[in-house]
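Everything on this sheet refers to the single structure shown next.
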Amino acid sequence: MAEMAIEVSHLVKRYKKHTAVDKISLNVNKGEIFGLIGPDGAGKSTVMKAVAGILKFDEGIIRVFDVNIDSERNAEKIKSRLGFMPQGLGLNLYPELSVEENINFFAHLRSVPKDRLSKWKRQLLDMTRLTPFRTRRMKNLSGGMKQKLGLVCTLIHEPELLILDEPTTGVDPVSRRDFWEILMHLLREKNVTALISTAYLDEAIRFNHLVLMFQGKMLAQGEPDEILKMVHGSSLELVATPHSIATDILSQVFQTEATGNRIRLFVEGKGFEEAKHTIEKILRENRIEIKDIYAREPELEDVFIALLKKEHPDSDSSPHPSFTHSPSIAPSFAHPPSVAIEAKKITKYFGKFCAVDNASFSVQKGKIFGLLGPNGAGKTTLIKMLCGIIPPTGGNATVAGVDIHHIKDVKERIGYMSQIFSLYLDLTVKENIKLYAGIYGLDKKETRMRLDWIIDMAGLEGHEEDLAGQLPMGIRQRLALGCALVHKPEVLFLDEPTSAVDPVGRRTFWDILLHLSRKERVTILVTTHYMMDAEHCDHLALMYAGKIIADGSPEKLKADVTIKAGTLLEISTNRLLFSLEVLEDTGFKGPALYGNKIHLLTHTPDEDIERIKSLFSEKKIEVKSISKYPLSMEDVFVYDITALEQEESYAV
Amino acid sequence: MRFKRILAIIIKEFREILRDPLYFSLAFVVPSMIMLMFGYGISLDVENIPFAVVDYDKTQLSRDYTYKFAKSRYFNLKAYVEDERLLDKMLNKGAIRVGIVIPEHFQKDLSAGRDVAVQSLIDGTLPYRTKITKGYVAVMNAAFNLEVLSRYIAKIKGIPFEQTISQVNPISLQVRYLYNESVKSIYSLAPALIGMILLMSPPFLTALGIVREKESGSIYNIYSSTVSRAEFLIGKLFPYVIISIINANILWIMAVSLFGVPFKGNLPFFAAATAIYVICSTGIGLLVSIFVRTQIAAMLVTTVLTVIPAWLYSGVVIPISSLDKIARIEAHLFPAMYYNYIVMGSFLKGVGVDILWKNVVALIIYSILLFTAGYLLFHKRVKA
């Protein structure tokens, strides 16, 4: 039996009346990478802090390295052996101190001997490529660098147990990949144990073992593959016309997620053929043509939602899109394409700092335009300029046909929903909507009509008299959306709307957005750093360091990368790190660790599959699987940024 | 207890304070600024009271009466006006605080030995100042009366004027003001301000410094490390005590050189007592930081706990002895009062340990209580 690093049984933590963690039990073996996965408010941080011995809890037992963490005195016993990194990108670092001063401070706190410190520090700095920035103040680092510095500071005393609370939230995909790679190397080399939380479900495959959490409760526990098998069913993707009617019909029966022109489904309890048959039957009855239907790898998100629905059958997840059944859906060619947002070389300087650098793009009316990029890429600044909140330094833009310098006219035509949902938490749902109606000067009759429309559209029935502050995040988000729509804006701006919402809420939210764009012909510009959100957009722009580095439809962006860099291969072996080294040594370009698999881009996939197979058998590596794999938006993003960085380094 | 760990925290803390412009100014600029603003801004002296006169008589004697006021350092003649209504206007505008109306036949009636009524209009918006002003006016008036009388007697008896003056004024009052000989309010105000500022500034810095770490999450570095509670608290608070002691020096120099306040006491004793006082007020900041979680809350609570008592109970504005019973009990609960005795004793009275030791003991007890409470309430394993 493997030795235990952490044993948690029946942990309960209450903050006043609110139960944050409700009877969570988990065991972490030594040398394991253990994941806590769940949306904001799931109780992840609470579990981690309790394990780290820095938070009291109400019930249950926690043992770390066989020490019962039941008092401050006992908790002290394990602190020399663990490293804890709290939530928030680099927030636990000291902004006024340089990179090296930060590291030294952590080392001195932990009484790391001098000779060991200098050696280990050099190694860590090299590994994280922070060596050239040793003397730079922490506040002047990019998000990804802050995160890496945070990791270095947590590792400086060579802890046996690492507890990292959402280390990858808000970091760009490139830095995220870097981060995981560094971590994997370290964990294997030093044989440390790690407890890591994340809100990104797509990171789940990186863990040996994981717990899915939701609202303080545990939904599932096990290895990623085990959890994927917990809910029997199959995942499908299909293309059908008319798209929106097909979506409406299917969503009443199955777990459905509509992206630009595809529909993804998860059919519980059925094999692929059986599921396909059922779907084809339903759609045929409704005279909907299926153009393409195929099986898809089941994802953790499908399982999460299925489990969630089992656990919380009464939990409000689907809105009641009764309004969506208006039969008068005009085919899109009835509307002449017109431009809703047009940006021409729009630029914004804050002092010497260029936040947005010559951004140009245009968005057609009724489309969903996604602005993707890591924290600090300039997304929020760009949105604020388009909304007329801050004036641009250079360039110009029109929104709904109005020059953005005509601030008042712009504001009448747009709706804006900020990251923090500008709601009045001590007003009821109805009062909030009425307040916004009043602000925009709607008369009594209009107000009543919009109120009914918003409540229906956002699925707020039954919550009309609830205080906004008491609503769950998903519903609160929809209320904020409703308030932003009260004056029938032509263009809707959403600034990171899905950051705080669980997967169920996120799907529901996207369903609503899709209906708004397709049926109400509202143009939507949305920013996000979730790659999953990107798949929903008609058109995407990737933003990095103030510049738009790529734009096009998701399909086009993926196709572009395929043309430039080739097809993606996914390789799974029994000796992952060694395989990676072998690939690098044999001259394969840019193999990357992706969870417990290796991703590799190549122009000659079929030849390379054979080459790798023979190469690995030579080196006595057992190949579990090797196959072509569809590119994700994250792959696109990583490729584009890496290419850009290389170009820049050549230029220098 | 490991000295190296404490030192690491101290160095980190100093670096942060010196490099962050906001913190730097809060630590080193704000205290001196308060001293300057209050030192120059508040004057409790009632001098140079602006006044105007309506002289309906326009004679030698009526002018003498006016000059009597104008000559003194307590009054400042702004204007002769023609009409009482103009006086009202000037009072309304705040251009003058006293208006004097001299009636017709002022000289003629006085010479004939008849009573004369001079009207004085006094701005009563600030009762404290009004009472003093009224006293000054009455004294001026009495002095003029005396002169008129003396002149009359001198004329009748044919003796020199000076001699008559002393005859009608047989008892002369000799006043010697002790401690603050020239009765300049800045002599009392500047030392009192030192006490006030040193009660406010250290807790602000300390509370913000600790709560900032709570807010950002960097406190978790401490919670999750092997640093002991005592090591952390010593390392964290030491820089603030040092900064406050530097400030105490600056403030003392400002009081002595800029405001010219004489320092008559024992400097080493005063320095030691001040250090204890600063440690004590740093302890208030520590205690505040334990109960609040945001910097805003830290500022509000610190303000309520220090600024208000510093004003009310340090004896800067109102002497402790003239507070009512409950307020006097409250005053004893705050360290400001004890230090104020030490400051006043050292600056103005020139007394030392022999008389002031009780206050020092009070401050030491206060400090020990604060730090013990702070240490016991600070935990590395928290409730929320």
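Bear in mind that the values in this text are calculations on the coordinates, not laboratory data. Quantities reported herein were computed from a predicted structural model and do not represent experimental measurements. Note that each Cβ is placed from the backbone with ideal geometry, even for glycine, and that neighbours are counted across all protein chains shown.
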Relative contact order (percent, whole number), the stretch A:159-266, Cα cutoff 8 Å, 6+ residue spacing
19 percent
So what is the relative contact order of the stretch A:237-287, in percent, for Cα pairs below 8 Å that sit 6 or more residues apart?
31 percent
Helix-only mean residue ellipticity at 222 nm, chain B, DSSP H runs n ≥ 4 weighted -39,500 (n - 2.57), per residue, nearest 500. What is it?
-20500 deg cm²/dmol
Distance histogram in 5 Å bins (all Cα pairs of the stretch A:337-552, percent per bin):
1, 7, 16, 19, 20, 16, 11, 6, 2, 0, 0
For the stretch B:49-168, the Rg and Dmax computed from alpha carbons only, in angstrom:
15.3, 49
Please sort by residue number the trypsin sites (Lys or Arg not before Pro) in the stretch B:243-342 whose DSSP state is loop and whose Cβ has at most 15 other Cβ atoms within 10 Å.
B:LYS264, B:ARG293
Using only Cα atoms, what is the ratio of the radius of gyration of the stretch A:109-201 to 2.2 N^0.38 Å?
1.07
Quick check for you: which residues of the stretch A:443-466 have the amide N under 18 Å from the point 7 Å beyond the Cα of A:GLU431 toward its beta carbon?
A:451, A:462-466
Using alpha carbons only, how many angstrom separate the centre of the stretch A:526-541 from the centre of the stretch A:578-652?
25 Å
Kirkwood-type radius of the stretch B:171-318, with distances r between different C-alpha atoms, in Å:
17.2 Å
From Cα coordinates alone, what are the radius of gyration and Dmax values for the stretch A:45-193 in angstrom?
15.5, 48
Helix B:30-41 axis, angle to chain B major axis (alpha carbon atoms, nearest 10°):
10 degrees
Highest first, please rank the peptides A:299-307, A:114-122 by the mean number of other Cβ atoms sitting within 10 Å of their residues.
A:299-307, A:114-122
What whole-number distance in Å separates the alpha-carbon centres of the stretch B:44-80 and the stretch B:364-382?
61 Å
What FRET efficiency comes out for A:ASN68 versus A:ILE389 if R0 is 60 angstrom and r is the Cβ-Cβ distance? Round to the nearest 0.05.
0.65
Relative contact order (percent, whole number), the stretch B:1-100, Cα cutoff 8 Å, 6+ residue spacing
28 percent
Working only with C-alpha atoms, what are the Rg and Dmax values of chain B, expressed in angstrom?
28.8, 98
Using alpha carbons only, how many degrees (0 to 90, rounded to 10) separate the axis of helix A:473-484 from the longest principal axis of chain A?
40 degrees
Given the stretch A:159-293, what percent of its DSSP beta bridges are antiparallel, to the nearest 5?
85 percent
For the residues A:TYR294, B:TYR240, A:TYR436, what sequence is obtained by ranking on other C-beta atoms within 10 Å, fewest first?
A:TYR294, A:TYR436, B:TYR240
Helix-derived [θ] at 222 nm for chain A: sum -39500 (n - 2.57) over DSSP H runs of at least 4, divide by residue count, nearest 500?
-11500 deg cm²/dmol
Using 7 Å Cα-to-Cβ label points, what is the A:GLU280/A:LYS352 separation (nm, one decimal)?
6.6 nm
Can you give the Rg/Rh ratio of the stretch B:135-256, where Rg is from the C-alpha atoms and Rh is the Kirkwood radius?
1.50
Between the stretch B:254-284 and the stretch A:399-417, the Cα center-to-center distance that results, in Å
61 Å
On a 0 to 90° scale, report how tilted helix A:300-311 is relative to the longest principal axis of chain A, with both axes built from alpha carbons and the result rounded to the nearest 10.
80 degrees
Taking the convex hull of Cα positions in the protein assembly as shown, its mean projected area over all directions (nm²):
56.8 nm²
